[in-house]
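First up is the structure itself, then whatever we jot down about it.
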Amino acid sequence: MEAPVRTRFDERGLVVGDRRLPFYAGAMHYWRVDPKRWAACLAAIKDLGLTCVETYVPWRVHAVPTGGAAIGIASPTYDWSGPRDLPRFLALARAAGLAVVLRPGPHINAELTSFGFPDHVLADPAIQARTSHGTAAWLPSPPRAWPIPSYASSAFHAAVAAWYAEVGRVSAPHLAPDGPVVAIGVDNEAQLFFRTGAYDLDYHADAIAWWHEASGLEGAPPRAWDPGDAARCITWVRFKEQYLARALHELGKALDAAGFAGLARFHNLAPGPLSLSDQRGIQHAIAGPVGFDAYTPRAGFLELRRRAIQVAAVADPVPIAFEVGLGFFPWFPPLDAGDDPSRERDHLLTLLAGGMRGFNLFMAVERDRYYGAAISRDGQLENHATWIAPLTSALAEIDWPSLRRSTPIALVDTRADARFGAATNVIDPVTPVLAEVLGLGPAGAAELGTDPSAIAARKWHTAICSALELAQVPYAIVDEAATEDELARFKAVIVPTTHRLDRGLAQRLRALADHKRAIVVIGPGTPTHDELDQPLTDALPRRIGKIREGSLDDLPGLASDLAALASDLPDTWQVERPDSVRSFAYADAAGAMRALFLINESPRPASAVVLADDRASLRDPLTNESFRVAAGKATIPIGVSGVRLLI
């Protein structure tokens with residue numbers, strides 16, 4: 001029998017009993033703050049207009065080894081006293097008028113030693129993930145390297161279930177609907193601990209058993225690229241997406257057994273390209289939304305916005321940025337280039353412009369191994385965070401979670417070629433995450449693969465985004481597993497491809513075109529092979545449009561071609577000039593425009609001339625500036641690579 005629903009996510013945020021709660025959270029690590037200051041810090045979070053306090057519950061911090069001949073092997077006892085007194089923290093959060101979001105891991109990172117895993121867990125050989133050479137897989141992270149766990153290991157899942165049971169025991173009196181705990185995270189940044197090389201992990205015996213079940217193939221999984229058996233290699237790369245979804249599903253079942261059944265749940269993807277994860281598959285596995293984490297320098301705002309657009313289109317039921325960095329951890333270079341006091345504000349505005357309807361500020365409260373939080377450990381608001389309260393007030397004024405942006409065009413994120421790029425990576429098992437960080441070229445990590453189609457597909461995806469933006473055509477980035485009905489919601493569907501296309505997607509595109517449910521445009525190539533590089537036997541209908549091959553070198557021409565797909569767009573709320581400014585307009589259910597984001601992509605200040613409704617008044621809630629609309633136009637100054645919200 002299914003457990004009764006205590007809380008749930010809907011398309012606007014959290015539903016708790018008969019009330020709806022916007023997901024505006026701030027992170028506070030209770031065990032890192034003097035308990036005498038908990039009440040002051042929670043009050044400061046509330047004063048910022050945030051609705052939730054988010055906190056990890058760190059396994060490593062609460063587990064106290066009992067000793068034994070082998071260090072750390074013996075089962076631990078648990079300490080819930082002093083700064084570890086989670087029940088007291090939860091009671092104080094409720095007294096402050098805050099809901100609570102718990103994240104019991106088991107992986108939490110939080111700059112803790114071994115990402116918060118206890119030594120006795122990591123020391124167990126039955127738990128350790130295995131490389132293609134059969135050795136334990138280690139992760140170097142301050143202050144030391146440590147062996148990472150296999151998320152397929154049955155011994156690992158048994159250990160996690162015992163930990164969840166302990167968290168459930170102490171949290172039980174504080175769970176919604178009677179208590180403040182309204183949501184729970186299912187692990188954190190499931191990405192094999194950033195070791196995402198195709199043939200790096202995980203060759204644990206239990207993982208190989210999962211591979212056999214998922215693939216139906218016999219024999220050992222591939223341990224290096226074999227062009228003579230490409231289909232097997234690609235099946236392994238695809239299986240790793242399934243592996244993570246299955247692991248999180250198992251963790252979700254353990255949370256149910258620990259007493260958390262019926263609570264809203266979520267997962268957060270790591271920063272970086274979404275192609276490294278299967279957002280849609282994980283959402284299905286945990287029965288909750290999957291958002292992402294964002295720690296981005298100003299130079300990366302364009303890519304951040306596109307990532308937000310993609311998450312917003314795929315997230316079910318609500319798109320949330322689960323970690324929006326305020327400050328950073330000290331062993332990486334600072335995100336702020338010199339003195340940039342508005343970067344953090346513009347960072348969050350970029351995410352909202354892309355369609356995020358909820359967020360978690362990480363960190364809200366100061367703690368060790370981190371700098372730049374919004375609130376000091378004494379509960380005092382820092383000067384660099386004074387913009388937060390005016391923003392949350394403005395979001396409440398316009399009922400931000402209810403607003404929507406009209407997007408007539410869908411750009412499909414095709415992963416068939418991307419998997420070939422990962423499978424043929426010449427520096428494997430070095431993680432492709434590193435290639436993305438280094439910015440090796442326009443095709444990102446695919447530049448290190450030997451598959452030309454993977455490189456071309458990534459370049460075309462980027463070019464189509466740029467062309468749609470230049471043409472001022474609002475678009476969504478949708479998953480290649482989107483159903484026919486989901487794709488039919490758009491006027492046109494664009495599929496960047498050369499010669500490969502997922503077989504299921506090909507069938508749905510045929511149906512869309514045959515039934516005239518949407519305009520379908522592919523290209524620049526006509527796909528002849530499927531996601532495993534096997535021949536596609538059924539040709540695509542002739543009525544499917546094609547992108548001109550030369551468009552990659554003619555962005556204005558590509559923009560003109562794509563604009564024709566949405567020729568009936570209204571001019572209002574578009575930018576007349578300059579070409580470097582983008583607009584993102586959000587309307588309420590009645591169609592009235594309530595929020596307008598303007599983003600300057602130029603390294604120089606700009607004065608944006610916006611085509612506006614003469615009946616409208618425009619105000620920047622963060623600066624209290626008002627702007628006059630005259631003769632259907634308003635002029636708005638925007639700083640270097642800046643972002644403005646007008647309501």
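The values are calculated or read from the model by the stated rules, or taken from the named source; none is laboratory data. These numbers were taken from a predicted model, which means no experiment stands behind them. Cβ placement follows ideal geometry from the backbone for every residue including glycine, while neighbour counts extend to all protein chains displayed.
So here's what we get for this one:
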| read-out | value |
| --- | --- |
| Qualifying residue in the stretch 365-387 (condition: within 24 Å of the chain's Cα centre (by Cα), at pLDDT 95 or above, in a helix (DSSP H, G or I) and not charged (D, E, K, R)) | yes |
| Residue identified as at pLDDT 95 or above and either more than 20 Å from G550 (Cα to Cα) or not assigned by TED's automatic domain parsing to the domain that holds D316 (or both) among A457, A481 | A481 |
| Test: A435 is more than 23 Å from D316 (Cα to Cα) and without any contact (Cβ under 8 Å) to a residue 24 or more places away in the chain | yes |
| Listing of strands (runs of 3 or more DSSP E) fully contained in the stretch 33-113 that carry 2 or more residues being closer than 25 Å to A172 by Cβ and at pLDDT 95 or above | 52-56, 99-103 |
| Every residue from the stretch 336-363 that is more than 19 Å from the chain's Cα centre (by Cα) and assigned to a loop (DSSP other than H, G, I, E, B) | D336, A337, G338, D339, D340, P341, S342 |
| Within the stretch 445-551, helices (runs of 4 or more DSSP H) holding 2 or more residues that are of a type in the set (D, E) | 484-487 |
| Test: residue in the stretch 102-119 that is small (G, A, S) and either under 24 Å from T386 (Cα atoms) or in contact with a strand residue (DSSP E or B) (Cβ under 6 Å, 6 or more places away or on another chain) (or both) | yes |
| Filter result for the condition that a residue is more than 30 Å from L645 (Cβ to Cβ), surrounded by 24 or more Cβ atoms within 10 Å (Cβ to Cβ) and outside the structural domain of A585 (by TED's automatic domain parsing), over T424, T414, T450 | T414 |
| Residue check for I519: in contact with a strand residue (DSSP E or B) (Cβ under 7 Å, 6 or more places away or on another chain) and either in contact (Cβ under 8 Å) with a residue 40 or more places away in the chain or on the phi > 0 side of the Ramachandran plot (or both) | yes |
| In the stretch 265-299, residue surrounded by the most Cβ atoms within 10 Å (Cβ to Cβ) [restricted to those that are in contact with a Pro (Cβ under 9 Å, 6 or more places away or on another chain) and among the hydrophobic types (A, V, I, L, M, F, W, C)] | F292 |
| Any hit, the stretch 183-206, residues being free of Cβ contacts under 8 Å to residues at least 12 places away in the same chain and of a type in the set (D, E, K, R) | no |
| Unique match (being out of contact with any helix residue (DSSP H, G or I) (no Cβ under 9 Å at 6 or more places or on another chain) and at pLDDT 95 or above) among L622, L596, L645 | L596 |
| Meets criteria (part of a loop (DSSP other than H, G, I, E, B) and aliphatic (A, V, I, L, M)) for L217 | yes |
| The stretch 563-615, residues that are in a strand (DSSP E or B) and of a type in the set (K, R) | R577, R582, R594 |
| Scope the stretch 186-215; condition under 30 Å from A261 (Cβ atoms) and either among the hydrophobic types (A, V, I, L, M, F, W, C) or in the same structural domain as E436 (by TED's automatic domain parsing) (or both); matching residues | V186, A190, L192, F193, A207, A209, W210, W211, A214 |
| Residue that is farthest from the chain's Cα centre (by Cα) [pool: residues in the stretch 293-323 that are within 20 Å of Q283 (Cα to Cα) and free of Cβ contacts under 8 Å to residues at least 40 places away in the same chain] | D316 |
| Top-ranked residue in the stretch 555-571 [being within 19 Å of S583 (Cα to Cα) and not hydrophobic (A, V, I, L, M, F, W, C); ranked as surrounded by the most Cβ atoms within 10 Å (Cβ to Cβ)] | S560 |
| Residues that are closer than 18 Å to I547 by Cα and not hydroxyl-bearing (S, T, Y), drawn from the stretch 460-475 | W460, H461, A463, I464, C465, A467, L468, E469, L470, A471, V473 |
| Pairs where the first residue, in the stretch 407-424, is free of Cβ contacts under 8 Å to residues at least 40 places away in the same chain and the second is outside any helix (DSSP H, G or I), C-beta under 7 Å, 6+ apart | G421/G449; G421/D451 |
| Among the residues listed as A506, A513, the single one being over 28 Å from the mean Cα position of the chain (by Cα) and either over 30 Å from A423 (Cα atoms) or free of Cβ contacts under 8 Å to residues at least 60 places away in the same chain (or both) | A513 |
| Pairs with Cβ under 6 Å, 6+ apart, first in the stretch 1-26 and at positive phi, second assigned to a loop (DSSP other than H, G, I, E, B) | G13/P22; G13/F23; G17/P177 |
| Residues located in the stretch 595-621, provided they are surrounded by fewer than 18 Cβ atoms within 10 Å (Cβ to Cβ), farther than 14 Å from R577 by Cα and touching a residue at least 40 places away in the same chain (Cβ under 8 Å) | D613 |
